[in-house]
1. Find the residue count for the stretch 153-186, including only residues that are among the charged types (D, E, K, R), over 30 Å from D128 (Cβ atoms) and at pLDDT below 80.
2. Determine which member of the set L62, L40, L102 is under 30 Å from I161 (Cα atoms) and not acidic (D, E).
3. For the stretch 142-174, enumerate the residues that are within 25 Å of I227 (Cα to Cα) and exposed (fewer than 14 other Cβ atoms within 10 Å of the Cβ).
4. Considering the stretch 94-120 alone, what residues qualify as being under 13 Å from the mean Cα position of the chain (by Cα), of a type outside the set (G, A, S) and at pLDDT 95 or above?
5. Among the numbered criteria (1) assigned to a strand (DSSP E or B); (2) surrounded by 12 or more Cβ atoms within 10 Å (Cβ to Cβ); (3) in the same structural domain as L153 (by TED's automatic domain parsing), which single criterion is violated by A115?
6. Go through the residues of the stretch 127-145 one by one and say whether even a single one is in contact with an Asp or Glu (Cβ under 7 Å, 6 or more places away or on another chain) and touching a residue at least 40 places away in the same chain (Cβ under 8 Å).
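The values are calculated or read from the model by the stated rules, or taken from the named source; none is laboratory data. Only a predicted model underlies this, so the values are computations on that prediction, with no experimental measurement involved. Neighbour counts are summed over all protein chains in view; Cβ atoms, including those assigned to glycine, are modelled from backbone coordinates with ideal geometry.
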Amino acid sequence: MKSIKVILYVLTPIFIFIVSAYLAVSLLLKTQQTTVCPDLRGKTVEEAKQIVRNTGLSFSILRYERRNDVPYNHITIQKPEANINTRKGRVIYVIVSEGPELIKAPGLVGQGLEAVRGVLEEKRLILDKIITIPHSKTGRVIAQIPAEGAEILEQTKVTLIVGSEQKTYFFMSETKNIDINELAEEMDAKKIKYKMNYVRADHTTQSGIDFSVPRRTIFSGSDELMITIY
């Protein structure tokens, strides 16, 4: 009997403490105000701060992370989860996107198209347009958009300006009393393509000359000039 009294004497204060703590916590929980945790995912940091202020919560950024599928400064993850009851004043921790990773545009000027295509494929860039202009560097890139070193995203479209064969133009002047040998030397010097067609069997004499290009007109140096001698 005595031992039972001793046990009761020891356990009674412990029981009273447990019951008191339980009642205190229950009372505290009942008196605390709660709110529904808002959904901050996809919101900007500025939008999220305004939302949590309006709901009586606070806000803290855990870290930023690279995300190719989420724009810069938008929230990707939050704790606690959205749409659950939580006490007012609680901190919502979030992770924010730094946006997709930027790369520097490669230098393509001076390279041929075949090499350029390989570089663009490696960098995951898209060849959008090729603009050709007459230039001494035929078949080579002479300019690019965006410029070398510019910070761009993967899958950015690239425009190339490529050199094409330069065209030379000449003026066909009057050809009366022209010496055919002097004419041939001049055309050779100017790298004009031509063919001579002798109507007469005797090449040592000439009574007239005709050209496939009308006199006093402009013609391209890439065109072949037909000269008929009779």
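1. Counting residues in the stretch 153-186 that are among the charged types (D, E, K, R), over 30 Å from D128 (Cβ atoms) and at pLDDT below 80 gives 3.
2. Step by step, each of L62, L40, L102 is checked, and only L102 is under 30 Å from I161 (Cα atoms) and not acidic (D, E).
3. Correct list: Q166, K167, T168, Y169, F171, S173, E174.
4. Scanning the stretch 94-120 gives P106, L120.
5. Going through (1) assigned to a strand (DSSP E or B); (2) surrounded by 12 or more Cβ atoms within 10 Å (Cβ to Cβ); (3) in the same structural domain as L153 (by TED's automatic domain parsing) one by one, A115 breaks only (1).
6. Within the stretch 127-145, not a single residue is in contact with an Asp or Glu (Cβ under 7 Å, 6 or more places away or on another chain) and touching a residue at least 40 places away in the same chain (Cβ under 8 Å).
Conditions tested, residue by residue: (1) small (G, A, S); (2) in contact (Cβ under 8 Å) with a residue 24 or more places away in the chain.
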residue: R124; (1), (2): no, yes
residue: E151; (1), (2): no, yes
residue: L160; (1), (2): no, yes
residue: A184; (1), (2): yes, no
residue: D188; (1), (2): no, no
